[in-house]
2 protein chains.
Amino acid sequence: MSAFQQFEDEGAAGDHAARLVALRRQMAETGLDAFVVPRADAHQGEYVADSDARLRWLTGFTGSAGFAIATADKGGLFVDGRYKVQARAQVDPALFAVVDWPATRPADWLRKALPDGGTLGFDPWLHTRREIETLRKGLKGSGIALLATDYNPLDAVWTDRPAPPVGAARIHADATAGEVAKAKRERIAAELASSGQKSALLTLPDSISWLLNIRGSDLPRNPVVQSFAILSDDGHLALFAEPAKFDDALRAHLGNSVSIQPPDRLIDALQAIDGPVRVDPGSAPEAAFLQLELCGTTIAQATDPVILPKAMKNDAELAGMRAAHRRDAVAMVHLLAWLDARGPEGLTEIDVVEKLEGFRRDQGILDISFDTIAGVGPNAALPHYRVNRASNRPLVEGDILLVDSGGQYGDGTTDITRTIAIGRARPDAIGPNTAVLRGMIALTRARFPKGVAGAHLDALARQFLWAEGLDFDHGTGHGVGAALCVHEGPARISRISDIPLQAGMILSNEPGYYREGAFGIRIENLVIVQPVHAEPGREMLGFETLTLCPIDRRLIDVDRLSSDEINWLDDYHARVRHEIAPLVTGDAHDWLIRQTQPLD
Amino acid sequence: MSAFQQFEDEGAAGDHAARLVALRRQMAETGLDAFVVPRADAHQGEYVADSDARLRWLTGFTGSAGFAIATADKGGLFVDGRYKVQARAQVDPALFAVVDWPATRPADWLRKALPDGGTLGFDPWLHTRREIETLRKGLKGSGIALLATDYNPLDAVWTDRPAPPVGAARIHADATAGEVAKAKRERIAAELASSGQKSALLTLPDSISWLLNIRGSDLPRNPVVQSFAILSDDGHLALFAEPAKFDDALRAHLGNSVSIQPPDRLIDALQAIDGPVRVDPGSAPEAAFLQLELCGTTIAQATDPVILPKAMKNDAELAGMRAAHRRDAVAMVHLLAWLDARGPEGLTEIDVVEKLEGFRRDQGILDISFDTIAGVGPNAALPHYRVNRASNRPLVEGDILLVDSGGQYGDGTTDITRTIAIGRARPDAIGPNTAVLRGMIALTRARFPKGVAGAHLDALARQFLWAEGLDFDHGTGHGVGAALCVHEGPARISRISDIPLQAGMILSNEPGYYREGAFGIRIENLVIVQPVHAEPGREMLGFETLTLCPIDRRLIDVDRLSSDEINWLDDYHARVRHEIAPLVTGDAHDWLIRQTQPLD
């Protein structure tokens, strides 16, 4: 079995100049003055199959977000701040200029690239309605027309395009799911009926996989079945996915009220659908809207009805997540104990990634939940760093190592970050690390009324950094799926997230601090939103910590901790010892006992 | 000179039954099945002149928010949670049922009151466009038509209606304003021009008064000139206000580029205006929109352009506010010293209000900035309590007293709340008071990046209450005007305020806790948003405290304070002593020295 994580730059291969020439020829034949190539596929997920890696094929850029626009003589690759450096390294500037997005909007760039107007084509399967509305608004008054093409000119010239994935789907046991699929469908169908909707179009594979209690192997990291579905208000569901993915046992698990149809039947089904049909403008393809509008079908624009129920985990899902986190803690403890015992000599970031993946394999992972971020020194100052052969740095005594990683287990998904001193602690990192830890503790200990959203709690995690004039430029936390995607909506801990937190939601709590060219710090635990005691007439929520792994005390200035904070950390370490020590033996056990002693 | 604050129930007088009959007769003649009577006037302020107190005249209700709807046989008075008890006490249930708003929307009530549909009339001068849009949306599908009447049927039957106010306007000195009015107009006119707007309609008296460096005496508490204005993109301004308010000196101060016209000329001016004209749908009357639409004038819907510049105080305004707060602190110190020395015997809430107003008069107030809230025991548990002869309670040893009050000085507006133990502290109030104080301190000490809004900081003030399952049901802070309205937009500290805080804004910081039937706690200081130090590449803000008055240590559990919190309180008290002790003499001076010693 080969390792999950690879360290090659898979974007480099290929003659991107020739590909761009071929695309431009195709655009000219179609009468397009410009064409936009997004990173996304029709399902808008974080990962795309090789057959959908259009942006990588055209430009060489392998980041998880961005898009390119080609005109007859210009090319622009639009990426956000995270990917500026990577895009510059991967993309030939003679073909595509790297454009700072969203600071520069595509409409602004196009106005300069096409001063006399023209037609911008897009494949309506690869863009959401909301995206197209924003683009259309931006182009208003520019003289540039926006045209949904009925075929994709890039696909037409991509002669060696891989076939779409047909990864086997598998049963996600009802006992692990905690609710049989039929009950889930009926629950959500009842909500559709009460909203006066006849059906809902589902286009998010994690929504569909959760709803049907199935998991897939079409994509790396995200155990979803690539598919579309139409859920009717009577609980019947039409599943549009390659039938070869489903064996007999799985078909039996799905039952009679689920019909499996090839993906290319979706358009016919949309034509036949009775309205009102619920479609999510934030995630469903523009093509679906156009098809329904062509038929005059009434569309109810609303959020995918599965997103919220999926986010509010039931007791069985929470039990699975707790069990997965205990196993994952064992892997992390083995890694950290090994690192401390062995010392850094001769080790690199890639060694850390491979060692950790090995320890997780010992615990039975089906996949890692995302490519491990293991960075030392200045590499760790890039919050989304992913090591490759060229960037790989040796571990050096006195440096600090940031490891952000997770596993996909059959019963749960994990995501943990620890920042570790290699040998003795770097003195200038202790202050910021202590501020980050205090923020992590403050958010963990927070209690708050129902109705409060991540936007209202984000400051708790940042307050101690802010007090010193410091901050970090990413969200504090994201939702996490139960044996599903490690990044899951709808709630986040972020200044812009107004989705109220609700019991059963699982979120990451991961403040950090990054000093460019020097070091990076992040401490991350996952937490469950749980009801807590409140005075009569109020309902309050708090967090239960899922992640169980020691926090490096070499990087903590204990004098800056309040007694409440010291108590929290001591209690946390005692809990880690109590739950994890029985699961590890030998040197790792001894290491764990030492690391979970109370602070001095 | 009579006292500013009165303690009579001015709503009680009058034959409300006869008035309702007269209104219904008028409605019938006009063909209206229902008519809505709001508390607001055309300027949507917190106070209305007697001539605009339509809701009070019709129903007897004197609260600052709400509206009534009358049909031929039903009446409903819509008030929010704050005013439920007061409305029930003031209004005859045979005439008007008290309706819980916004839980019950007017559209829902009307559907029951008018099951066969009908016409709901409204006076378009008394409702904003946004209000009418919301109402229209709610009535969709009900069969009820919404009709803007061209006269007000209530005014037609209000035979003894007072004349509109013609309070003298006065100069607000340029030195206090910190910017001459012409420069303000040119600055905002330039913004209109750069937005492609020819003019802006201004309907908020505090915007107009700030813009022209004038103050007025039309209303209690808010020193504004009731007026409308049209600002042109060349800086000229047409002021629609009773000309008798302006003497020669004031006219000279206004200068040649301001023309004063009687209010009834506004409609002609709207007819003559060139578009695009900026109008604020959140504050401008529906009537203005209808008039402009009738003329086919292009309307640019956007926020009143004065609101943000007015909120970001300049150095002179801040200096005035600091000076006003020093004077106000002297008044508060006199009150608190007198209370402690005299003891509660024979004193009532009204005595406290009158005594405090006297101390503020000694400091030269022009008005109080709102009716003083002075409540003991269960009265203080009503956050918006205002004492009257019937509710007035005696001060009793062992109770706690909440005093929320402020003054209008020539150079600044104050707003302060202190919660005081009468003699020894009530033990069950010490825990909540300490949690409230810690929240007040945490918000005061907060530093945060530019872009952060009140919604992101609100939790800092509540976190210690939340930790104990407690909370309070009002915002944490509101904007405050400089020698203007004590409640001023646009920024607030509240879960729903997404307006970024900016340097120069002044906000209240007033967490509280209310135990029904027992006691109420609130601690309030005003703060200025100020730039603070940050690492390179970041811009951060913090708060400077304006309010200078000791915080009652009898109600603090020092063991629950962190060393940082103790240091903050000791530093604060040292600053109060340093700045205020030189301004008071005798017993009050001694009391102040004692109250500002470091905590044990």
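Can you tell me which residue in region B:464-483 is farthest from the other protein chains (Cβ to nearest Cβ), limited to those that are out of contact with any strand residue (DSSP E or B) (no Cβ under 8 Å at 6 or more places or on another chain) and part of a helix (DSSP H, G or I)? Before you say what the answer is, go through the steps one by one.
Residues of region B:464-483 out of contact with any strand residue (DSSP E or B) (no Cβ under 8 Å at 6 or more places or on another chain): B:464, B:467-468.
Now narrow it down to the ones that are part of a helix (DSSP H, G or I): B:464, B:467.
Working: B:F464: 10, B:A467: 5 Å.
The extreme case among them is B:F464.
Which numbered condition trips up B:A503, out of (1) in a loop (DSSP other than H, G, I, E, B); (2) within 14 Å of another protein chain (Cβ to nearest Cβ); (3) open to solvent by 30 Å² or more (accessible area, probe 1.4 Å); (4) of a type in the set (A, V, I, L, M, F, W, C)?
Condition not satisfied by B:A503: (2).
For region A:400-408, state whether one or more residues are more than 14 Å from chain B (Cβ to nearest Cβ) and more than 24 Å from the chain's Cα centre (by Cα).
Going through region A:400-408, the residues more than 14 Å from chain B (Cβ to nearest Cβ) turn out to be A:400-408.
Next, only the ones that are more than 24 Å from the chain's Cα centre (by Cα) stay: A:400.
Within region A:400-408 (the criterion being more than 14 Å from chain B (Cβ to nearest Cβ) and more than 24 Å from the chain's Cα centre (by Cα)), the answer is yes, since at least one residue qualifies.
Which residue out of B:L231, B:L192, B:L147 is in contact with a strand residue (DSSP E or B) (Cβ under 6 Å, 6 or more places away or on another chain) and under 18 Å from B:S259 (Cα atoms)?
Going through B:L231, B:L192, B:L147 in turn, the sole match is B:L231.
Pairs under 9 Å by beta carbon, first residue within 18 Å of A:R342 (Cβ to Cβ) and not assigned by TED's automatic domain parsing to the domain that holds A:D340 in region A:579-594, partner modelled with pLDDT under 95 and open to solvent by 90 Å² or more (accessible area, probe 1.4 Å), six or more apart or different chains?
Nothing qualifies.
Contact list please: Cβ distance under 7 Å, first residue in region A:347-374 and closer than 22 Å to A:E10 by Cα and not assigned by TED's automatic domain parsing to the domain that holds A:T62, second residue open to solvent by 30 Å² or more (accessible area, probe 1.4 Å) and of a type in the set (A, V, I, L, M), pairs at least six apart or on different chains.
Cβ pairs passing all conditions: A:E354/A:A3; A:E357/A:A3.
Taking A:T547 as the residue in question, decide whether it is open to solvent by 40 Å² or more (accessible area, probe 1.4 Å) and among the hydroxyl-bearing types (S, T, Y).
Spelling it out, it is not the case that A:T547 is open to solvent by 40 Å² or more (accessible area, probe 1.4 Å) and among the hydroxyl-bearing types (S, T, Y).
Out of everything in region B:506-538 that is over 28 Å from B:G320 (Cα atoms) and free of Cβ contacts under 8 Å to residues at least 12 places away in the same chain, what residue ends up being nearest to the other protein chains (Cβ to nearest Cβ)?
Filtering first and then ranking leaves B:E535.
Kindly provide the set of residues from region A:278-314 that are of a type in the set (A, V, I, L, M), assigned to a loop (DSSP other than H, G, I, E, B) and over 30 Å from A:L583 (Cβ atoms), ordered by number.
Result: A:A284, A:A302, A:V306.
For (1) open to solvent by less than 20 Å² (accessible area, probe 1.4 Å); (2) over 30 Å from B:L356 (Cα atoms); (3) in the same structural domain as B:L202 (by TED's automatic domain parsing), each residue gets a yes or a no:
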position	(1), (2), (3)
B:P38	yes, yes, no
B:A53	yes, no, no
B:L58	yes, yes, no
B:K84	no, no, no
B:A87	yes, no, no
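Just give me the residues in region B:539-556 being in a loop (DSSP other than H, G, I, E, B), more than 14 Å from every other protein chain (Cβ to nearest Cβ) and over 26 Å from B:A483 (Cα atoms), in sequence order.
Step one: of region B:539-556, the residues in a loop (DSSP other than H, G, I, E, B) are B:539, B:546-552, B:556.
Among the residues that remain, those that are also more than 14 Å from every other protein chain (Cβ to nearest Cβ) are: B:546-552, B:556.
Of everything in region B:539-556, those that are in a loop (DSSP other than H, G, I, E, B), more than 14 Å from every other protein chain (Cβ to nearest Cβ) and over 26 Å from B:A483 (Cα atoms) turn out to be B:D552, B:I556.
If a residue must be in a loop (DSSP other than H, G, I, E, B) and either surrounded by 22 or more Cβ atoms within 10 Å (Cβ to Cβ) or outside the structural domain of B:L292 (by TED's automatic domain parsing) (or both), how many such residues does region B:234-244 contain?
1
So, of the residues in region B:445-454 that are open to solvent by 10 Å² or more (accessible area, probe 1.4 Å) and over 21 Å from B:I566 (Cα atoms), which turns out to be nearest to the other protein chains (Cβ to nearest Cβ)?
Ranking the qualifying residues of region B:445-454, first place goes to B:P449.
May I ask you to say which residue of B:R418, B:R389 is at pLDDT 95 or above and of a type in the set (D, E, K, R)?
Residue meeting the stated conditions: B:R418.
Suppose we filter A:P115, A:P106 for residues that are out of contact with any Asp or Glu (no Cβ under 9 Å at 6 or more places or on another chain) and open to solvent by 80 Å² or more (accessible area, probe 1.4 Å); which single one remains?
A:P115
Can you confirm whether B:L266 is touching a strand residue (DSSP E or B) at 6+ places or on another chain (Cβ under 7 Å), in contact (Cβ under 8 Å) with a residue 12 or more places away in the chain, farther than 30 Å from B:R492 by Cα and surrounded by 22 or more Cβ atoms within 10 Å (Cβ to Cβ)?
Yes.
Considering only region B:310-324, how many residues are under 18 Å from the mean Cα position of the chain (by Cα) and farther than 16 Å from B:D174 by Cα?
Number of matching residues: 2.
As an exercise: evaluate B:S195 against (1) open to solvent by 50 Å² or more (accessible area, probe 1.4 Å); (2) over 28 Å from the mean Cα position of the chain (by Cα); (3) assigned by TED's automatic domain parsing to the domain that holds B:A68 and give the number of the one condition it does not meet.
(3)
Evaluate the following for B:K74: is it among the basic types (K, R), surrounded by fewer than 24 Cβ atoms within 10 Å (Cβ to Cβ) and at pLDDT 95 or above?
Taking the combined requirement at face value, the residue satisfies it.
For the structure I just gave you, tell me whether A:D559 is within 14 Å of another protein chain (Cβ to nearest Cβ), acidic (D, E) and within 27 Å of A:D206 (Cβ to Cβ).
No.
Going by the conditions given, is A:E317 of a type in the set (D, E, K, R), assigned to a helix (DSSP H, G or I) and in the same structural domain as A:L484 (by TED's automatic domain parsing)?
Yes: the conditions hold for A:E317.
Please name all residue pairs, on different chains or six or more residues apart, with Cβ atoms under 8 Å, provided the first residue is in region A:95-118 and is assigned by TED's automatic domain parsing to the domain that holds A:R56 and the second residue is open to solvent by 70 Å² or more (accessible area, probe 1.4 Å) and outside any helix (DSSP H, G or I).
From residues that are assigned by TED's automatic domain parsing to the domain that holds A:R56, the pairs are A:A97/A:K74; A:A113/A:K74.
Restricting attention to region A:455-487, which residues are closer than 22 Å to A:N314 by Cβ and open to solvent by 20 Å² or more (accessible area, probe 1.4 Å)?
Residues satisfying the conditions are A:H478, A:H487.
So, in region A:245-276, exactly how many residues are part of a helix (DSSP H, G or I) and more than 22 Å from A:C295 (Cα to Cα)?
Total meeting the criteria: 8.
Which of the residues that make up region B:511-538 are open to solvent by 10 Å² or more (accessible area, probe 1.4 Å) and assigned to a strand (DSSP E or B)?
B:Y514, B:R515, B:Q530, B:P531, B:V532
Please list, ordered by first then second residue, the pairs with beta carbon atoms under 8 Å, 6 or more apart or interchain, first in region B:5-33 and open to solvent by 70 Å² or more (accessible area, probe 1.4 Å), second among the hydroxyl-bearing types (S, T, Y) and part of a loop (DSSP other than H, G, I, E, B).
B:E10/B:T62
Could you say whether any residue in region B:96-111 is farther than 25 Å from B:P162 by Cα, assigned to a helix (DSSP H, G or I) and of a type in the set (K, R)?
Looking for residues that are farther than 25 Å from B:P162 by Cα, assigned to a helix (DSSP H, G or I) and of a type in the set (K, R), one finds at least one in region B:96-111, hence yes.
Six or more apart or on different chains, Cβ under 7 Å: which pairs go from a residue in region B:463-486 that's closer than 20 Å to B:L546 by Cβ and outside the structural domain of B:P500 (by TED's automatic domain parsing) to one that's surrounded by 24 or more Cβ atoms within 10 Å (Cβ to Cβ) and among the basic types (K, R)? Could you list them?
Pairs found: none.
The values are calculated or read from the model by the stated rules, or taken from the named source; none is laboratory data. Note that the structure is predicted; figures quoted are calculated from it, not measured. Counting neighbours? That spans all protein chains shown, and the Cβs are built from the backbone with ideal geometry, glycine included. The area values use the complete protein model at the heavy-atom level, side chains included, leaving out ligands, DNA and RNA. Shrake-Rupley method; radii C 1.70, N 1.55, O 1.52, S 1.80 Å.
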